[in-house]
Amino acid sequence: MPGGTPYAYSLSINNPNLVQVAQSTTQTNPEQIAKSITVRILVGDTSGSGFIVAQSDNRYTVVTNAHVVERGTSYQIVAPDGKVYPAVVTYKDRGETGQDLALLQFQSNNSYSVVTLAKSQTLQEDEAVYAAGFPYDSAVLSFSSGNVSILPEKPIKGGYQIGFNNETQQGMSGGPLLNQNGEVIGILGLGNIVVFDDVYTYNDGTKPDETTLNRMRESNFALPTDDLISMLTSDTPNPLDIGSDSEAISP
């Protein structure tokens, strides 16, 4: 991933509404941006995190982890302004060689900020990054600063490939990992409290060497946004075409 040309996307997906929202977000403060895009996802009796990645008219798409939505069958999105919306899952990828990724949608006539995604080719170890999400027992957003700690040459199970040393808590899975420009370069999902080393198997079935494994054990991991960008900007049918009839159910 290190090296290459930087890219940043507002993910228009042929949608002028999305371009307008993304361009109107002039903040560069990562914490303020995190507060404006990060949502809490209520799944049955538990919760996770996510962030708003696209808008089409009054329909918003939220990114999270597949393992978050797999915890239940009913979903609610708590938007940044505290309003709660029923949501539906429109995409989930949990294959052994896929990404731990899911998309949900909700509808609202309120205006919410849409994230700017950046590809990860230019990431370097020790680069400053910021993690945001909602701990499972709290409605207060957690935000922490840290650094990229390891960039494996290949993704490990679930597609994870960005190691970082920020403080994270259970429930923050699905939240954004931002760079210094306030662009999202990763999706949180794997903490450094993993017990079984099998988690650190590469997607192709091979194992890291002992030195790399020890560094992985000390890191949290995020999914790079590269595949998400490719999926949402491809010409093939994408999960943003599926809608939901949700309306706010609480202020």
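Observations on the structure shown:
- For Met216, the test of being of a type in the set (A, V, I, L, M), assigned to a loop (DSSP other than H, G, I, E, B) and touching a Phe, Trp or Tyr at 6+ places or on another chain (Cβ under 8 Å) is failed.
- Checking Gly48 against (1) buried (at least 24 other Cβ atoms within 10 Å of the Cβ); (2) within 18 Å of Thr225 (Cα to Cα), the condition it does not meet: (2)
- Listed conditions (1) touching a helix residue (DSSP H, G or I) at 6+ places or on another chain (Cβ under 9 Å); (2) outside any loop (DSSP other than H, G, I, E, B); (3) open to solvent by 10 Å² or more (accessible area, probe 1.4 Å) are all met by Ala131, apart from (3).
- Among the candidates Lys207, Lys119, residue that is among the basic types (Lys, Arg), over 29 Å from Asp45 (Cα atoms), without any contact (Cβ under 8 Å) to a residue 40 or more places away in the chain and open to solvent by 20 Å² or more (accessible area, probe 1.4 Å): Lys207
- Among the residues of segment 8-59, just one is in a loop (DSSP other than H, G, I, E, B), among the hydroxyl-bearing types (Ser, Thr, Tyr) and at pLDDT 50 or above, namely Thr28.
- Test result for Tyr112, within 17 Å of the chain's Cα centre (by Cα), at pLDDT below 95 and closer than 14 Å to Gly50 by Cβ: no
- Any hit, segment 101-110, residues being farther than 22 Å from Tyr75 by Cβ, touching a residue at least 60 places away in the same chain (Cβ under 8 Å) and either out of contact with any Cys (no Cβ under 8 Å at 6 or more places or on another chain) or not in a strand (DSSP E or B) (or both): no
- Residue tally, condition open to solvent by 10 Å² or more (accessible area, probe 1.4 Å) and in a strand (DSSP E or B), over segment 60-74: 0
- Close contacts from segment 86-97, counting a first residue that is at pLDDT 95 or above and part of a strand (DSSP E or B) and a second that is open to solvent by 40 Å² or more (accessible area, probe 1.4 Å) and charged (D, E, K, R), with Cβ to Cβ under 6 Å and a gap of 6+ residues or different chains, come to none at all.
- Residue match in segment 169-192 (condition: hydrophobic (A, V, I, L, M, F, W, C), at pLDDT 95 or above, within 15 Å of Ser219 (Cα to Cα) and surrounded by fewer than 23 Cβ atoms within 10 Å (Cβ to Cβ)): no
The values are calculated or read from the model by the stated rules, or taken from the named source; none is laboratory data. Just so it is clear, the structure is predicted and the values come from calculations on it, not from any experiment. Virtual Cβ from ideal backbone geometry, glycine too; neighbours counted across all protein chains shown. What goes into the accessible areas is simple: the full protein's heavy atoms, side chains included, and nothing from ligands, DNA or RNA. Shrake-Rupley method; radii C 1.70, N 1.55, O 1.52, S 1.80 Å.
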